[in-house]
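Okay, so here's the structure we're looking at.
The values are calculated or read from the model by the stated rules, or taken from the named source; none is laboratory data. None of the values given here were measured: they were computed from a predicted structure. Every residue, glycine among them, receives a Cβ derived from its backbone with ideal geometry; neighbour counts consider all protein chains shown. We work out accessible area using only protein heavy atoms, side chains counted, and drop any ligands, DNA or RNA first. Shrake-Rupley method; radii C 1.70, N 1.55, O 1.52, S 1.80 Å.
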Amino acid sequence: MNQPIVPPRKVSELVVERLSERIARGEWPVGSRIPPEPELVAELGVGRNTVREAVRALEHAGVLEPRRGDGTYVRAADGLDAALARRARTTDAFDVLDVRGILERGAARAAAGRHDAGALARLDAALAAQVAARDADEDTFQAADVAFHAEVVRAAGNPLLADLYDGLDHALVRTFPSGERRRHHRDVPGHEEVVAAIRAGDADAAEGAVTATIDAVRAQLVEAAVEGPGRAGAGEVSA
């Protein structure tokens, strides 16, 4: 049987793959600046034009973002992350919150049924970090809060669900305007309760704790919309 001849891959495609792997592994987290072009050229052993072509490809995919005079930053963890974030930015924040609730409630129920000691240990650590960050600056708290909710979803043991949630989480963490009016969202209930319910294997209680969190965030979204200049924007949900 004849086999088609597959042309060799372009070097720039291999560079895209290498850069994408570093982002996926968390070496370059979302929001961080990637190394400057000369450093990438030296590290990868390829030409400057090849690096530029690869970076542009990731910019067009929404994974990287150039900032004039300040370098290139990681905007999304991967293409799925970027695509979901683009869609979420054009969606009402309350709709985004509904999606979050569906994913987290299902994940909490599944996690309660698994009795996974490793997942529980990671949940405990994520909760402790989130609690410790409640008096920290906004960026620190937000990062800890996102990490906690992502850990709840990962505790379900479904890699596809985790990838889907990770693709949305950056659109789910910006609910409130800057300043002191943001701080009250740190008191949203349900975080400790969801971990306790998962540990007890109580799926109904785990789902109920997530629901309490989502309901509290919804109430705060309504409050922000009333107090602010307009309805809460798309993809702006935290806690």
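7 Å from Cα along Cα→Cβ at both GLU59 and GLU27: what's the point-to-point distance in nm?
The answer from the label model is 2.2 nm.
Compactness ratio of region 78-224: Cα Rg over 2.2 N^0.38 Å, N = residue count? Before the final figure, lay out each step's value.
Working: Rg = 14.5 Å, N = 147, 2.2 N^0.38 = 14.7 Å.
So region 78-224 has a normalised radius of gyration of 0.99.
Could you sort TYR165, TYR73 by accessible area so the largest value comes first, with the probe set to 1.4 Å?
Result of the area sort, largest leading: TYR73, TYR165.
Kindly identify region 10-74 as rounded, prolate or oblate by the Cα gyration tensor criterion: order the square roots of the eigenvalues as a ≥ b ≥ c, call it rounded if a/c is under 1.5, otherwise compare a/b with b/c, prolate if a/b is larger, else oblate.
Details: a/c = 1.41, a/b = 1.23, b/c = 1.14.
Note, shape of region 10-74 comes out rounded.
Residue separation times 0.36 nm, minus the C-alpha to C-alpha distance between ILE102 and LEU160: what's the value? Mind showing how you got there, number by number?
Numbers: separation 58, 0.36 × 58 = 20.88 nm, distance 1.48 nm.
Once the chain is fully extended between ILE102 and LEU160, it gains 19.4 nm.
Say each of LEU120 and ALA212 gets a label point 7 Å from the Cα, pointing the same way as Cα to Cβ; how far apart are those two points in nm?
Simple spin-label model gives 2.0 nm for this pair.
Given points 7 Å out from each Cα along the Cα-Cβ axis, report the GLU138 to PHE94 separation in nanometres with one decimal.
So the two model labels end up 2.4 nm from each other.
Applying 1/(1 + (r/R0)^6) with R0 = 25 Å to the Cβ-Cβ distance of LEU14 and LEU80, what FRET efficiency is obtained, to the nearest 0.05?
Taking R0 as 25 Å, the efficiency between LEU14 and LEU80 is 0.75.
Can you pull the accessible area of LEU14 for me, 1.4 Å probe, Å² to the nearest 10?
Using a 1.4 Å probe on the heavy atoms, I get roughly 80 Å².
Could you please state how large a percent of the accessible area of region 10-74 is carbon and sulfur, counting protein chains only and using a 1.4 Å probe? Intermediate values should be presented prior to the final figure.
Details: 1840 of 3830 Å².
Looking at region 10-74 in its full context, I get 48 percent from C and S.
Apply 1/(1 + (r/R0)^6) to the Cβ-Cβ distance of ALA219 and ARG52, taking R0 = 35 Å, and write down the FRET efficiency to the nearest 0.05.
The computed FRET efficiency comes out at 0.15.
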